[in-house]
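Here's the structure we're looking at; comments come further down.
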Amino acid sequence: MFEAKVYIERRKRLRERVREGVVLWLGHALQPRTYPANTYRFRQHSHFLYFVGHNEPDLAALSWMDRERDILFAAPVTMDDIVWSGPLPSPAERAARAGITETLPPAELPKLVADLKARGVPIHYLAPFQADAKLRLAALLGVAPDDLAAGESLPLKRAVVDLRLHKTGEEVAEIEEALGITRQMYLRAMAMTRPGAREAEIAGAMQGIALARDRAQCFQPIVTVRGQILHNESYDGVLQPGQMLLVDAGAESPNGYASDITRTFPVDGRFTPRQRDLYDLCLAMQTHAIERARPGVTNLELHLGAARTLAQGLVDLRLMKGDPAAAVEAGAHALFFPHGLGHMLGLDVHDMEDLGDIVGYGEGVRRSEQFGLGFLRMSRTLEPGFVFTVEPGIYFNPPLIDQWRGEGRHKEFIDYDRVEAYRDFGGIRIEDDVLITADGKRVLGPPIPKTAADVEAATGQ
Ligand SMILES: [Mn+2]
């Protein structure tokens, strides 16, 4: 955990924004795998982690917004707990680490919530997304689980988004620490990449680097020669000469912050000329976007700029034709780049995605319904303290090509005969994590091989 003053300060800034009522924080419970006591590795609810800390199950807290009062609900430690789990901090010790002075046993929470409700005190909460949390919160509030989303507190949601979007120095340091481990994971993966290697052994080695440092990975990594499948989560492939391996992975920091990197490297240790052309184009998309990133620029502009870089490059390679800007406006580039340029990053790899588009778009701003642009998770005007990913990609997805070609979709912009020759190409994505500073931006973490030459030099070594 951070020092207690960090959590005290975060709750103080929350009070300045919400001002009235009480916030109810429900921490996560352990999630069962094959029977109740066989559980997945625990990860605390990110909003709870931000305001109360403690990566431990079965905690709850109440925070009054009109005065400086917080209560941590934690079960007293029993001898059974000590026998099975070893010495544990008392509720009061746990509370003190979060800068909280009052504690109560969990059985007191329903009584307190009922009393607040009876007195008409607003109870702010954010809609839970785990099934058991929905049931627990619904029971506490006396509402149906399906009605929880409608009762979510907009003032709380606005305040949490405002606070968590703007990273402090200690948060950026956490993300960079995680990126240091992520770099080790990538150097190992690149070194292991050669014809005959298996995706699973590379995925296992990367996980081993995180585990050997007692760290989790912040999401299920992608390690695949089928890079055109955006969230390919199987590891059953064997690396063949001429293929590229796409790896999208990240380690988690000690306090739960995410990192999110993607690199694509040639199985043989050398890109073919065709791969090299598209690799350099993908890198140009990323480089231009990062160069333009600064306060006041929207991420939508960066995304569309990357799309225009792509369209121009594909026109040069004669895979597309016509005016690149018009092609992007029509959405024709999305055959090759069907996702957004990036997303917010923080305690969640898609930071606060549980709160919806208020995070990446702002209140009342609607996503485009155009194919491709509709998958842009973040469109907002960039502000100092934002941390987000810049992850352009270029893909050749045969079922998508067949559908578009069959419909004659955007045939004025796409040379389908030339595209056919790339059916087995796979996909390329390059991703880094970027901090917006007062006057510009900084790419976070130690450099991980990225230029074609550096990637080739690190692969198969
Ligand atoms: Mn990402």
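The values are calculated or read from the model by the stated rules, or taken from the named source; none is laboratory data. The structure presented is a predicted model; accordingly, all values stated were derived computationally and were not measured. Using ideal geometry, Cβ is built from the backbone for each residue, glycine included, and neighbour counts are taken over all protein chains shown.
When Val349, Val315 are screened for being β-branched (Val, Ile, Thr), out of contact with any Leu (no Cβ under 8 Å at 6 or more places or on another chain) and within 16 Å of the ligand (Cβ to nearest atom), only Val349 passes.
Mind listing whichever residues of segment 177-220 are in contact with a strand residue (DSSP E or B) (Cβ under 7 Å, 6 or more places away or on another chain) and closer than 18 Å to Val238 by Cβ? Result: Ala189, Met190, Thr193, Gly196, Arg198, Glu199, Ile202, Ala203, Met206. The residue list Ala127, Ala138, Ala144, Ala74 contains one member that is assigned by TED's automatic domain parsing to the domain that holds Arg11, farther than 27 Å from Val359 by Cβ, of a type outside the set (S, T, N, Q) and at pLDDT 95 or above, which is Ala74.
The criterion of being in contact with a helix residue (DSSP H, G or I) (Cβ under 8 Å, 6 or more places away or on another chain) and part of a loop (DSSP other than H, G, I, E, B) does not hold for Pro106. Can you name the residue in segment 212-248 that is acidic (Asp, Glu) and closer than 20 Å to Leu179 by Cα and is also surrounded by the most Cβ atoms within 10 Å (Cβ to Cβ) among such residues? If we take residues in segment 212-248 being acidic (Asp, Glu) and closer than 20 Å to Leu179 by Cα, then Asp248 is surrounded by the most Cβ atoms within 10 Å (Cβ to Cβ). Looking at the structure I just gave you, is Gly27 touching a residue at least 40 places away in the same chain (Cβ under 8 Å), of a type in the set (Gly, Ala, Ser) and over 17 Å from Cys218 (Cα atoms)? So Gly27 does not fit the description; no. Scanning segment 147-174 for residues that are without any contact (Cβ under 8 Å) to a residue 12 or more places away in the chain and under 15 Å from Val387 (Cβ atoms) yields Gly169, Ala173.
For segment 184-197, check the following and say yes or no: at least one residue is of a type outside the set (Asp, Glu), within 16 Å of the ligand (Cβ to nearest atom) and surrounded by fewer than 16 Cβ atoms within 10 Å (Cβ to Cβ).
Within segment 184-197, none of the residues are of a type outside the set (Asp, Glu), within 16 Å of the ligand (Cβ to nearest atom) and surrounded by fewer than 16 Cβ atoms within 10 Å (Cβ to Cβ).
Exactly one residue out of Pro195, Pro87 is at pLDDT below 95 and more than 28 Å from the chain's Cα centre (by Cα): that is Pro87.
Restricting segment 370-383 to residues that are within 16 Å of the ligand (Cβ to nearest atom) and buried (at least 21 other Cβ atoms within 10 Å of the Cβ) leaves a set whose member that is farthest from Ile430 (Cα to Cα) is Ser379.
Here is a yes/no grid of residues against (1) buried (at least 21 other Cβ atoms within 10 Å of the Cβ); (2) away from the ligand (no atom under 16 Å from the Cβ):
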site: Thr298; (1), (2): no, yes
site: Gly305; (1), (2): no, yes
site: Ala311; (1), (2): yes, yes
site: Glu329; (1), (2): no, yes
site: Ala334; (1), (2): yes, yes
site: Pro338; (1), (2): no, no
site: Gly362; (1), (2): no, yes
site: Ser368; (1), (2): no, yes
site: Gly385; (1), (2): no, yes
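Residues in segment 264-297 that are outside any helix (DSSP H, G or I) and aromatic (Phe, Trp, Tyr): 2 in all. When residues in segment 245-268 are screened for being acidic (Asp, Glu) and within 12 Å of the ligand (Cβ to nearest atom), 2 of them pass. Against the condition in contact (Cβ under 8 Å) with a residue 60 or more places away in the chain, among the β-branched types (Val, Ile, Thr) and buried (at least 18 other Cβ atoms within 10 Å of the Cβ), how does Val113 come out, does it pass? Considered against the rule, which asks whether it is in contact (Cβ under 8 Å) with a residue 60 or more places away in the chain, among the β-branched types (Val, Ile, Thr) and buried (at least 18 other Cβ atoms within 10 Å of the Cβ), Val113 comes out as yes. Per the conditions (1) within 15 Å of the ligand (Cβ to nearest atom); (2) under 23 Å from His231 (Cβ atoms); (3) not basic (Lys, Arg), the sole criterion not satisfied by Tyr279 is (1).
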